[in-house]
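The values are calculated or read from the model by the stated rules, or taken from the named source; none is laboratory data. The structure displayed is predicted, hence computed values, not measured ones. FYI the Cβ positions are ideal-geometry reconstructions off the backbone, even for glycines, and counts take in every protein chain you see. The area values use the complete protein model at the heavy-atom level, side chains included, leaving out ligands, DNA and RNA. Shrake-Rupley method; radii C 1.70, N 1.55, O 1.52, S 1.80 Å.
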Amino acid sequence: RGKDSQAQTGPEETVETFYRSLCAGDFDKARSLCDTLEMEEYLGGFQDAWESEDSTVRAIASDILSEMTVNITDTERDGQTRTVFYELSGPGGSDKEKAATLSKEEGEWKIKKITDRI
């Protein structure tokens with residue numbers, strides 16, 4: 001990848017790619033977009049459900065993740081940090097408003113934390 005492709009990846013695209021990776025079960029890719037121990041726990045919850053020995057749990061996780069969509073609603077700048085606000089929509093209209101805090105590290109946006117929007 002050249003510098004041009006990285007320049008195109010803003011904080012919003014990083015959040016979208018993160019969820020696309022989760023939905024595909026690509027936890028290595030999702031991890032590569034994150035930065036902190038807090039995010040490791042967030043990822044672990046998804047990965048545990050995805051890799052569950054219980055086929056029912058795995059099927060439910062797969063259904064929910066495959067139908068999840070991310071709708072970016074706003075981005076706030078604060079120095080070198082960006083907060084991306086978005087709606088996470090799942091099956092049955094279960095929308096959740098979330099906020100992802102990102103910072104730039106070595107030219108790439110990394111997700112530091114994801115919280116419920118207050």
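The figures follow:
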| quantity | calculated |
| --- | --- |
| Search result, residues across the stretch 6-55 that are in contact (Cβ under 8 Å) with a residue 12 or more places away in the chain, hydroxyl-bearing (S, T, Y) and loosely packed, with under 15 Cβ neighbours inside 10 Å | T36 |
| Selection within the stretch 61-85 - of a type in the set (V, I, T) and in contact with a helix residue (DSSP H, G or I) (Cβ under 8 Å, 6 or more places away or on another chain) | I64, V70, I72, T75, V84 |
| Count of the stretch 100-112 residues which are farther than 15 Å from D74 by Cα and either open to solvent by less than 30 Å² (accessible area, probe 1.4 Å) or modelled with pLDDT under 95 (or both) | 8 |
| Cβ pairs under 7 Å, 6+ apart, first in the stretch 83-107 and touching a residue at least 24 places away in the same chain (Cβ under 8 Å) and farther than 16 Å from V70 by Cβ, second among the β-branched types (V, I, T) and surrounded by 12 or more Cβ atoms within 10 Å (Cβ to Cβ) | S103/T81 |
| Residues that are of a type in the set (A, V, I, L, M) and farther than 23 Å from A99 by Cβ, drawn from the stretch 25-60 | V57, A59, I60 |
| Residue, modelled with the lowest pLDDT, within the stretch 56-72, restricted to residues that are of a type outside the set (D, E, K, R) and either on the phi > 0 side of the Ramachandran plot or open to solvent by 70 Å² or more (accessible area, probe 1.4 Å) (or both) | I64 |
| Conditions (1) in contact with a Cys (Cβ under 8 Å, 6 or more places away or on another chain); (2) at pLDDT below 85: number failed by S94 | (1) |
| Filter result (closer than 19 Å to E16 by Cα and either in contact with a Gly (Cβ under 7 Å, 6 or more places away or on another chain) or exposed (fewer than 14 other Cβ atoms within 10 Å of the Cβ) (or both)) within the stretch 73-92 | T73, D74, E76, R77, T81, P91 |
